[in-house]
Amino acid sequence: MVFLFFDKICSYFCFLTMTTLTFLGTGTSQGVPIVTCDCAVCRSADPRDRRLRTSAMIERGSTRVIIDAGPDFRQQMLREEVRRIDGIVLTHEHKDHIAGLDDVRAYNYTARAPMDVYATERVQHVVCKDFDYAFAEGRPKGVPEMNLVTISSDKPFRVRDIEFIPIVGQHGRLPVLGFRMDGIAYLTDFNRIEAAEIEKLRGVEVLIINALCREPHTSHFSLDEALRVRELVCPERTYITHLSHRIGPYAEITSELPAGCFFAYDGLRVEA
C-alpha cells in the first residue's frame with residue numbers, strides 16, 4: 001500500500017514537470033491538400049497527409065500556450081477541444097502564423113479578459129496593422145481583445161509555468177524565432193541558423209524542425225538541411241514539420257528517416 005501511494009505521488013510530480021507539445025498543424029503556408037492540386041499527396045486518404053498550417057500547443061502543469069495562430073486556428077482549437085489558453089507566442093508575422101488571431105474572441109468571452117500575445121516589437125507592428133480594428137479607440141464590443149507582451153530575441157521569458165528561450169534563425173531575409181521549452185525545441189520557417197543559436201539547443205530531448213521539401217529553398221530548410229541541424233544538436237528524437245505536398249505521401253516516406261527521426265503529423269503529441 002505504501003509503495004502504491006509512493007508511485008502515485010511520483011506520477012503526479014512527473015506530470016507536473018513534463019512538457020507536452022501537440023502538433024496543431026504541420027503543413028506549409030498553403031496547407032495540404034493544396035487547392036486545385038491533384039498530386040498523390042493532395043489526393044491521399046491517409047489523415048497524416050492532411051496538414052493544417054503549422055502551429056503547436058505547449059502544456060506544462062496547468063499552463064497551456066499556443067505557438068502561432070494561423071488561418072486554421074479556430075479549426076485546430078475545435079479539433080483539440082481547447083477551452084482555455086494562457087497565451088499565444090508568435091514566431092514571426094507572416095499570415096500563415098497570425099491570420100487566426102481574430103478568433104481569440106471566443107477566449108475573451110469565456111475568460112472575460114484580453115488574450116496575452118507574446119511577440120517582438122516588429123511582429124506587434126504587423127499585428128496592430130492587420131487587426132487595426134482590435135486596437136482602435138472607441139472600438140465596438142465583440143472585436144478581439146489582445147494584450148501585446150513584448151519579447152526580445154535575446155532574453156528568455158515565462159508564461160506561467162513555461163520558460164521560453166528564444167532561438168534566432170533566418171527565414172529568407174526575415175529574422176524569425178524558434179523556442180526552447182525545457183527538453184523540447186521548436187523551430188519553424190528556418191532556412192539558416194548560426195552556431196551560437198545551435199549551442200542554445202544542446203541537451204534537448206526533442207527537436208522539432210521545419211523541412212519544406214527535398215530540394216533547396218530560398219526561405220525554408222530542405223530535408224537534408226534539417227537533418228544536418230539535427231546532427232549538430234544531437235537530440236534523442238527529432239520531428240519534421242512545416243511540410244509541403246512535395247515531401248511525398250506519409251506512408252511512403254516515413255521509413256526514409258534515420259533512427260530517432262520522424263515526420264510529424266497533425267494531432268501528434270510528444271513529451272519531454
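The values are calculated or read from the model by the stated rules, or taken from the named source; none is laboratory data. Everything numeric here is computed off the predicted structure, so don't read it as measured data. A quick note on method: Cβ atoms are made from the backbone with ideal geometry, for glycine too, and the neighbour counts reach across all protein chains shown. Keep in mind that these areas ignore ligands, DNA and RNA; they rest on the heavy atoms of the full protein, side chains included. Shrake-Rupley method; radii C 1.70, N 1.55, O 1.52, S 1.80 Å.
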**Request:** Evaluate the following for residue 207: is it touching a residue at least 40 places away in the same chain (Cβ under 8 Å) and closer than 28 Å to residue 30 by Cα?
**Result:** no
**Complete:** Among (1) surrounded by fewer than 21 Cβ atoms within 10 Å (Cβ to Cβ); (2) in contact with a helix residue (DSSP H, G or I) (Cβ under 7 Å, 6 or more places away or on another chain), residue 90 falls short only on (1)
**Message:** With the requirement that a residue be among the basic types (Lys, Arg) and either at pLDDT below 95 or more than 14 Å from residue 57 (Cβ to Cβ) (or both), what does region 78-110 give you?
**Reply:** 95, 105
**Request:** Please go through region 93-106 and pick out each residue that is touching a strand residue (DSSP E or B) at 6+ places or on another chain (Cβ under 6 Å) and either charged (D, E, K, R) or open to solvent by 10 Å² or more (accessible area, probe 1.4 Å) (or both).
**Result:** 96
**Message:** For region 33-85, give me each residue that is among the acidic types (Asp, Glu) and either closer than 18 Å to residue 264 by Cα or within 15 Å of the chain's Cα centre (by Cα) (or both).
**Reply:** 46, 49, 59, 68, 72, 80
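Mind telling me which of the residues 164, 131, 135 ends up being closer than 25 Å to residue 52 by Cα, open to solvent by less than 80 Å² (accessible area, probe 1.4 Å) and over 19 Å from the mean Cα position of the chain (by Cα)? Don't jump to the end; show me each part of the working.
On the way: 164 fails: over 19 Å from the mean Cα position of the chain (by Cα); 135 fails: closer than 25 Å to residue 52 by Cα.
Unique residue meeting the criteria: 131.
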**Request:** Return only the number of the condition from (1) within 21 Å of residue 63 (Cα to Cα); (2) open to solvent by less than 30 Å² (accessible area, probe 1.4 Å) that residue 147 does not satisfy.
**Result:** (2)
**Fill in**
Exactly one of 142, 70 is part of a loop (DSSP other than H, G, I, E, B), small (Gly, Ala, Ser), farther than 25 Å from residue 22 by Cα and open to solvent by less than 80 Å² (accessible area, probe 1.4 Å), and that residue is 142
**Item:** Criterion violated by residue 46 - all others in (1) open to solvent by 40 Å² or more (accessible area, probe 1.4 Å); (2) more than 26 Å from residue 157 (Cβ to Cβ); (3) touching a helix residue (DSSP H, G or I) at 6+ places or on another chain (Cβ under 8 Å) satisfied
**Value:** (1)
**Request:** Would you tally the residues in region 218-257 being of a type in the set (Gly, Ala, Ser), open to solvent by less than 20 Å² (accessible area, probe 1.4 Å), closer than 23 Å to residue 175 by Cβ and in a loop (DSSP other than H, G, I, E, B)?
**Result:** 1
**Message:** Take residue 157 and tell me if it is within 29 Å of residue 226 (Cβ to Cβ), open to solvent by less than 40 Å² (accessible area, probe 1.4 Å) and under 14 Å from the mean Cα position of the chain (by Cα).
**Reply:** no
